[in-house]
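Taken together, the values in this text are just the output of simple stated rules run on the coordinates, not laboratory data. None of the values given here were measured: they were computed from a predicted structure. Glycine gets a Cβ as well: all are built from the backbone with ideal geometry, and neighbour counts include every protein chain shown.
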Amino acid sequence: MIENTETKLEEVDSSEIDEKKETTHFPWTIAIIIGVLMLLIIACFVVIMILGPGDPVTSSSQIG
């Protein structure tokens, strides 16, 4: 037979959460580093597109 056993939970004093230790902060340093790297990648891409090949006739891979 199955016995019906009831367990009573003990009352436990709840401790207050210290807001200084439990808060999560947005990682601003990582966000700034990623933003700077993205700007550098875009700047390098723009510079490469502006400079491009020196002479489009001699630098093309098509044989005419």
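Worth pointing out:
- Maximal additional length on extending the LEU40-PHE26 stretch stands at 2.7 nm, based on 0.36 nm per residue less the C-alpha distance.
- Estimated inter-spin distance, GLU16 and MET49, nm [label 7 Å along Cα→Cβ]: 5.7 nm
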